[in-house]
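Enquirer: Just passing along the structure, written as structure tokens.
The values are calculated or read from the model by the stated rules, or taken from the named source; none is laboratory data. Source: prediction; values computed, not measured. Heads up, the Cβs are rebuilt from the backbone with ideal geometry, glycines too, and the neighbour counts pull from every protein chain shown.
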Amino acid sequence: MMELKLSQIISISGQAGLFKQDKGIKGGLAAFALADGKRLDATDARMKINNLADISIYTANDEIPLQQVFQKINEHTLPMPSAKATLEEIKTYFRAVIPGYNEKKLFPADIKHILSWFNQLKGRVDFSN
């Protein structure tokens, strides 16, 4: 499997899963779904496109880039909670992985996204870079 850089990966509002950013097209950009490789032309101005390399999470004193969050998850020995885990189980796991994350700014739904993204990227992205 080809190794990707986190800077090549985007999430697109209203679309399930993650995408590999390809190239710009008139009025938007082309992207390929990581799950099935299908092309998506993101040309709707209402689509919010986030490059995962630009995302950080808040801690009590600072921000941690998502790359480092993924690296900490990858190195952690606790098993990741299942998709059906309770909110408290998810928060407990994340507290162990990222002590001091700002629970007022990072909601359980955000943590679920991060864990889902990690699972989609594991084996495709080198989190240590």
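Enquirer: What do you reckon, is L87 within 25 Å of S13 (Cβ to Cβ) and crowded, with 18+ Cβ neighbours inside 10 Å?
Expert: No, not satisfied.
Enquirer: List pairs: first in segment 4-30 and on the phi > 0 side of the Ramachandran plot, second modelled with pLDDT of 90 or more and part of a loop (DSSP other than H, G, I, E, B), Cβ under 8 Å, 6+ apart or cross-chain?
Expert: Pairs that qualify, where the first residue is on the phi > 0 side of the Ramachandran plot and the partner is modelled with pLDDT of 90 or more and part of a loop (DSSP other than H, G, I, E, B), are G17/L34; G17/A35.
Enquirer: For L40, indicate whether it is over 13 Å from the mean Cα position of the chain (by Cα) and surrounded by 16 or more Cβ atoms within 10 Å (Cβ to Cβ).
Expert: Criteria met by L40.
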